[in-house]
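A quick write-up on the structure given underneath.
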Amino acid sequence: MSLLQPPTGHSVFPPQQLRDYAMLADGERGALVGPRGEICWLCAPHWDGDAVFATLIGGDGVYAVTPRGPFVSGGYYEEGSLIWRSRWITHDSIIECREALAFPGENDRLVLLRRVMARQGTASVRVVLCPCADYGRQPLSDPHNTEGVWTARTGEHYIRWSGGADARLVDSTGPGRQLVLDLALETGEQHDLVLEISTTPPRGRPVDATRAWTATEQSWAHTIPPLNPTIAPHDASHAYAVLRGMTSATGGMVAAATTSLPERAEQGRNYDYRYVWIRDQCYAGQAAAAAGAHPLLDAAVRFVTAQLHTHGPQLKPAYTTHGGPVPDQRSLDLPGYPGGFDRIGNHINRQFQLDAFGEALLLLAAAARAGRLDDDGWKGAELAAATIETRWREPDAGIWELDDQAWTHSRLICVAGLRGMAAVAPRSRQARRWSALAETIFAATAAASLHPNGYWQRSPNDSRLDAALLLPPLRGALPADDPRTRTTLHAYRQQLTDRHHAYRFRHDDRPLEEAEGAFLLCGFVMALAEHRQGNEIAAHTWFERNRAAHGPAQLYSEEYDIAQHQLRGNLPQAFVHAFMLESAARLAAQPP
């Protein structure tokens with residue numbers, strides 16, 4: 001840990017390394033908290049809304065609780081929740097700030113709870129509140145202090161802040177003005193701050209901090225269900241909490257809380273992941289099924305089924321949490337996170353991804369095995385299978401969202417989905433039809449995409465290996481002891497892994513780590529693949545290596561730079577937490 005100096009204005013809260021951030025989330029939106037107690041990222045009213053605090057990507061707007069003197073930072077989550085405790089050690093005090101988004105979140109209002117606590121010595125902290133909507137373009141306006149409660153506007157948002165009665169209104173180092181509050185607490189004292197941001201004028205009395213904390217604690221306590229035995233119970237529970245925090249009341253789970261955090265500096269590979277990817281949602285649901293965590297499974301089934309019913313063969317790869325279209329990609333004209341670009345929206349809305357239909361079938365089959373698939377779910381399965389039947393020959397963008405090709409993984413994962421549904425189908429005629437379609441697709445894929453050396457290649461026109469090709473055998477497209485499964489695993493292990501970190505595919509002749517970061521999802525897939533082969537020591541080694549690729553908050557990003565030991569890409573990345581949860585559950589059992 002490094003000794004940090006307290007900042008003096010909101011513009012001097014520069015971006016930190018990703019490992020140092022924690023996330024607060026209530027299902028409807030999320031906030032990132034840095035080591036100086038700065039909330040540097042928060043979108044409202046929903047995940048894909050405009051940021052009110054945007055210093056993470058070079059915009060204005062921040063909400064900080066920071067010690068007045070030099071300090072060393074730390075922090076931890078309370079067990080089974082996304083209640084975070086920032087912790088600072090100064091020369092003469094120990095200070096904590098307990099913080100959370102009131103859980104579960106409301107659709108049109110967020111409540112951000114912060115409780116400053118003097119653990120030892122005099123806690124001297126400065127609070128800076130500078131909301132700035134539209135990614136920093138709409139500064140604080142019309143501030144009023146009425147009986148110790150501040151109200152204001154920023155853009156289309158209404159602000160109400162309790163606990164800052166003595167705050168002073170000062171000029172901001174960015175646009176507009178900010179509220180600054182200095183606190184001095186003696187050992188054992190605490191002070192509550194409650195920030196409300198809503199789309200309509202505040203109603204009734206301000207939120208009571210004590211009641212809101214109690215309700216949030218109780219909600220989290222009832223949210224994390226008992227999990228099946230896992231090899232890492234604490235980590236599995238935390239992964240579930242992260243996934244639940246990123247899941248809206250609609251059932252939609254965002255792929256990540258952030259936008260524009262670079263996977264590779266200055267390479268243009270940074271995207272907006274604040275949307276629901278059908279594939280990622282299915283991964284989370286299948287992980288929940290493996291862990292016996294049915295509420296998250298039910299949420300995934302509900303959202304995916306709704307989109308299948310609404311869009312059928314024209315199902316898009318991703319949606320907003322409310323089922324709306326993902327907006328086109330555009331720039332914000334901001335500096336961005338260092339090494340990245342300021343992009344929002346996503347070009348995903350123009351792609352066809354065949355594998356999403358196969359993943360949907362695998363999700364619905366998992367729900368059926370758990371006795372949790374209703375008539376709407378069965379109808380959704382029929383729609384997905386019918387789409388595969390009519391579109392499986394079309395080129396698609398594939399799991400990595402590249403150029404359109406006949407990607408081998410897309411076709412094999414559809415085979416797995418069809419076989420999975422056929423195994424649980426109540427009507428034999430339906431089961432026979434799905435099984436026959438699976439055989440047809442499998443035979444055509446094997447004829448076109450099996451490398452002469454016996455492993456699956458990426459596509460008929462691309463003879464390289466791909467981590468995605470480890471997934472179909474795990475999902476039932478072919479057996480673990482099939483020579484093609486074992487040959488693919490062996491070749492992948494030899495060519496696309498390094499020190500128990502795994503890569504998606506080889507971009508060019510450069511060393512793997514120079515082309516991109518290790519893909520954490522692939523590392524957990526390797527753990528599952530080795531486990532399926534009965535290689536238990538190897539499976540646990542893969543699991544432990546990739547489990548450790550996080551910071552103090554135990555949040556995973558998409559990629560991991562094995563040379564610099566740094567997180568890369570948007571944070572937290574839901575599908576990594578999903579595969580971590582699934583691996584923890586499956587490795588605790590005997591291989592099937």
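Between the C-alpha center of segment 42-78 and that of segment 195-220 there is a gap of 19 Å. Using θ = phi - 60° in the Karplus curve 6.51 cos²θ - 1.76 cosθ + 1.60, the 3J(HN,Hα) couplings for segment 493-505 round to 4, 6, 9, 10, 10, 8, 6, 6, 10, 10, 10, 5, 6 Hz; x is entered for Gly and Pro. Can you give the percent of C-alpha pairs in segment 170-297 whose distance is more than 20 Å? Looking at segment 170-297, the distances longer than 20 Å represent 67 percent of pairs. Shown is the FRET efficiency for Q566 and H490, computed with R0 = 35 Å from the Cβ-Cβ distance and rounded to the nearest 0.05: 0.70. Shape index of the chain: Rg/Rh, with Rg the Cα radius of gyration and Rh the Kirkwood radius from the inverse mean 1/r over Cα pairs, equals 0.99.
Just to confirm my numbers, what's the Cα centroid distance between segment 335-400 and segment 504-542 in Å? Here the answer is 23 Å between Cα centres. Which is the longest stretch in the chain that no exposed loop site breaks, taking sites as trypsin sites (Lys or Arg not before Pro) with a DSSP loop state and at most 12 other Cβ atoms within 10 Å? By the stated rule (loop sites, at most 12 other Cβ atoms within 10 Å), 1-202.
For segment 128-218, the square roots a ≥ b ≥ c of the C-alpha gyration tensor eigenvalues yield an a/c of 1.5 or more together with a/b not exceeding b/c, which makes the shape oblate.
Given axes a ≥ b ≥ c from the Cα gyration tensor, I'd like to know whether segment 3-208 is rounded (a/c under 1.5), prolate (a/b larger than b/c) or oblate.
Rounded.
The length gained on full extension between H222 and A184, counted as 0.36 nm times the residue separation minus their Cα-Cα distance, comes to 10.1 nm. Using C-alpha pairs below 8 Å separated by at least 6 residues, the relative contact order for segment 3-208 is 19 percent.
Read the figures in this text as sums done on the coordinates, not as results from a lab. These numbers were taken from a predicted model, which means no experiment stands behind them. Note that we place each Cβ from the backbone using ideal geometry, even for glycine, and neighbour counts take in every protein chain shown.
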